[in-house]
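Down below is the structure, laid out as structure tokens.
The values are calculated or read from the model by the stated rules, or taken from the named source; none is laboratory data. The model shown is predicted, which means the values in this text are computed figures rather than measured ones. Here Cβ is always computed from backbone atoms with ideal geometry, including for glycine, and neighbour counts include all displayed protein chains. Accessible surface is based on the protein model in full, side chains and every heavy atom, while ligands, DNA and RNA are left aside. Shrake-Rupley method; radii C 1.70, N 1.55, O 1.52, S 1.80 Å.
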Protein chains: 2
Amino acid sequence: MNGPLAPQPQLDAADRALVDGVLARQLRPLAKTITLIESRRADHQARAQAVLEALLPHTGGAMRVGISGVPGVGKSTFIEALGLHLIGQGLRVAVLAVDPSSSVSGGSILGDKTRMEGLSQNPAAFIRPSPSAGSLGGVAEKTRETLLACEAAGFDVVIVETVGVGQSETAVANMTDIFCLLQLPNAGDDLQGIKKGIVELADLIVVNKADIDAAAATRAQAQLKAALHMLRPASPNWTVPVLTLSALRHDGVERFWQTVCDYRVAMENSGEFAGKRRRQALAWMWDLIDAGLRQHFRQHPAVRGELPALSRAVERGEATPAAAALRLLRHLN
Amino acid sequence: MNGPLAPQPQLDAADRALVDGVLARQLRPLAKTITLIESRRADHQARAQAVLEALLPHTGGAMRVGISGVPGVGKSTFIEALGLHLIGQGLRVAVLAVDPSSSVSGGSILGDKTRMEGLSQNPAAFIRPSPSAGSLGGVAEKTRETLLACEAAGFDVVIVETVGVGQSETAVANMTDIFCLLQLPNAGDDLQGIKKGIVELADLIVVNKADIDAAAATRAQAQLKAALHMLRPASPNWTVPVLTLSALRHDGVERFWQTVCDYRVAMENSGEFAGKRRRQALAWMWDLIDAGLRQHFRQHPAVRGELPALSRAVERGEATPAAAALRLLRHLN
């Protein structure tokens with residue numbers, strides 16, 4: 001690659017072998033690459049970046065699908081059913097997760113691959129638990145890079161699951177092409193479980209567990225459609241559909257995937273598909289820059305000395321935010 | 001003030017007179033202070049900060065009310081009716097606006113005070129058009145500082161209006177104690193006019209123009225309540241009410257203000273009122289710091305040289321966001 005980042009980072013023989021292995025679609029080199037990506041060691045980080053640079057020309061080929069929903073909605077069963085359906089069509093499927101709580105809980109989500117028994121034993125599937133990196137920013141960053149590695153390894157579909165802690169849905173929506181929200185078929189009050197702003201991220205809503213009570217599922221579908229009706233659509237070329245589905249019975253999974261494909265066609269025809277990916281990449285770069293700038297700023301000795309007292313003064317209304325910000329920004333040379 | 005910002009900025013005689021005039025509740029010194037705040041000249045900015053520091057101990061006394069709604073919903077008529085009602089109760093009312101489009105349109109919102117004829121001629125009212133400062137960040141910053149100046153001038157209620165361009169609703173919600181959304185009594189499809197995320201900012205929703213079609217207003221009220229039902233409330237101590245109202249006939253304005261007062265009592269009893277103001281002030285400080293850090297970073301000669309090509313490479317998928325961010329952050333010394 002002779003881009004603005006030339007000269008290309010030097011790969012040693014071991015990392016060259018990783019790159020070749022990933023491009024040859026071998027799962028063991030892919031897993032090792034992801035372990036490098038997730039490592040907090042500085043030398044591992046440098047190697048991970050060099051490997052990613054080498055993989056980058058081979059990325060972008062997968063459909064990136066975000067899946068969210070409260071615990072108990074049946075995400076694992078749904079992803080297993082969807083994954084097996086896609087594999088049945090000759091596609092290769094990777095499943096990743098963003099769970100910023102996993103560092104606390106010791107790796108809950110997908111940590112137990114028995115949750116997706118059929119998929120985890122299938123050679124056309126690759127399941128990777130959430131990295132336990134602490135902050136949401138760190139977890140999301142590593143999942144994004146893992147997504148690129150999976151694309152270089154030739155996966156046709158990358159599913160990114162979120163448990164819905166904090167802002168993790170926004171993080172997943174910002175790294176995927178389509179964000180799908182799973183809902184339970186509870187009527188009325190129980191739908192309050194939808195977190196603020198999540199419905200508005202959704203490109204597609206699924207009422208799962210329709211087998212339990214078909215009438216309730218239909219009522220929930222109508223309620224969700226009414227709620228969506230109140231919102232201005234994100235794209236003039238797409239009305240967010242609300243599907244009913246039974247992942248347990250594999251009923252509706254095919255229609256779900258057809259809807260995802262319809263979405264892709266509509267977005268590609270309008271040019272929004274590529275535009276969204278460009279915006280996501282640039283926003284990701286600026287997120288990293290902003291985080292780096294803030295970290296660098298907070299480490300400045302004079303800022304570290306003044307920040308606590310100034311923050312208290314601002315909170316108490318003893319200093320204007322502007323005066324405090326100016327005072328601190330003075331230390332930039 | 002002997003806070004962490006001591007020694008206190010030096011005020012010259014003219015600015016000392018401005019401070020004294022504002023604290024004496026005189027409108028002319030207040031208007032001059034706001035003109036200083038809105039000026040882009042560096043010396044004016046320094047003087048404005050010194051004046052604001054002197055006023056700061058006298059701020060915080062007003063109820064800060066945000067008002068939003070699409071054009072045509074009757075915001076001016078509503079604010080006029082509300083303002084006159086409050087003045088009738090012996091209160092003094094300031095009306096500010098956040099309109100980042102006013103630099104383009106030449107000052108649309110409130111530029112024409114005839115939109116609020118009764119209020120603009122009342123000595124207990126102060127109406128100030130949106131500053132025409134270009135970016136939303138700049139406009140919001142100046143409106144926030146103007147709000148503080150109005151509080152120092154003893155206004156009991158400060159209403160901040162937004163025309164709903166871009167993210168201006170979020171900016172107004174972040175500087176007020178209660179964010180009120182005005183809606184038209186249209187049934188069904190027309191409610192789609194609600195922008196993404198705006199309903200979720202609202203602490204109080206008003207269906208205006210109920211005089212035109214009371215039945216439609218009641219239907220809209222029910223629809224809005226159903227939509228709110230789908231959202232998790234921002235506070236466990238407040239269920240967002242949906243009121244119907246006719247600003248034209250001054251019908252429902254008293255109940256609106258009673259609801260605002262109920263909200264304040266509920267938030268103060270739970271401690272959320274002061275907590276929200278503290279969070280808003282600290283978030284404002286960090287917004288200014290982040291903006292300052294980014295501006296400083298973008299002005300770095302090496303960053304300016306590399307940024308365009310790196311941004312293009314990221315957009316085209318030729319460089320990872322992480323690699324590009326690291327490359328640029330290298331230039332921090």
### Query
Which members of the stretch A:211-251 meet the condition of being open to solvent by 20 Å² or more (accessible area, probe 1.4 Å), assigned to a loop (DSSP other than H, G, I, E, B) and away from chain B (no Cβ under 14 Å)?
A:ASP211, A:ILE212, A:ASP213, A:ASN237, A:PRO241, A:LEU248, A:ARG249, A:HIS250
### Query
Quick check, is B:ASN122 modelled with pLDDT of 85 or more and not hydrophobic (A, V, I, L, M, F, W, C)?
yes
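Residue-by-condition table, conditions (1) more than 20 Å from A:LEU326 (Cα to Cα); (2) modelled with pLDDT under 95; (3) buried (at least 19 other Cβ atoms within 10 Å of the Cβ); (4) within 7 Å of another protein chain (Cβ to nearest Cβ):
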| residue | (1), (2), (3), (4) |
| --- | --- |
| B:ARG278 | no, yes, no, yes |
| B:LEU288 | no, yes, yes, yes |
| B:ALA291 | no, yes, no, no |
| B:HIS296 | no, yes, no, yes |
| B:GLN299 | no, yes, no, no |
| B:GLU318 | yes, yes, yes, yes |
### Query
List pairs: first in the stretch A:74-102 and assigned by TED's automatic domain parsing to the domain that holds A:THR176 and open to solvent by 10 Å² or more (accessible area, probe 1.4 Å), second of a type in the set (Val, Ile, Thr) and in a helix (DSSP H, G or I), Cβ under 6 Å, 6+ apart or cross-chain?
A:HIS85/A:VAL253; A:PRO100/A:VAL139
### Query
Going by the structure shown, is B:ALA323 at the interface with another protein chain (Cβ under 9 Å from one of its Cβ atoms), outside any helix (DSSP H, G or I) and either of a type in the set (Gly, Ala, Ser) or in contact (Cβ under 8 Å) with a residue 40 or more places away in the chain (or both)?
no
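Tell me whether the stretch B:257-272 contains one or more residues that are open to solvent by less than 40 Å² (accessible area, probe 1.4 Å), of a type in the set (S, T, N, Q) and more than 14 Å from chain A (Cβ to nearest Cβ).
yes
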#### Entry: Matching residues, the stretch A:21-39, being under 13 Å from A:ALA50 (Cα atoms) and out of contact with any Lys or Arg (no Cβ under 9 Å at 6 or more places or on another chain)
A:THR33
### Query
What number goes with the only condition from (1) farther than 16 Å from A:VAL158 by Cα; (2) open to solvent by 20 Å² or more (accessible area, probe 1.4 Å) that A:ARG64 does not pass?
(1)
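Can you name the residue in the stretch A:307-316 that is within 7 Å of another protein chain (Cβ to nearest Cβ) and out of contact with any Ser or Thr (no Cβ under 8 Å at 6 or more places or on another chain) and, of all such residues, is nearest to A:GLY137 (Cα to Cα)?
A:SER311
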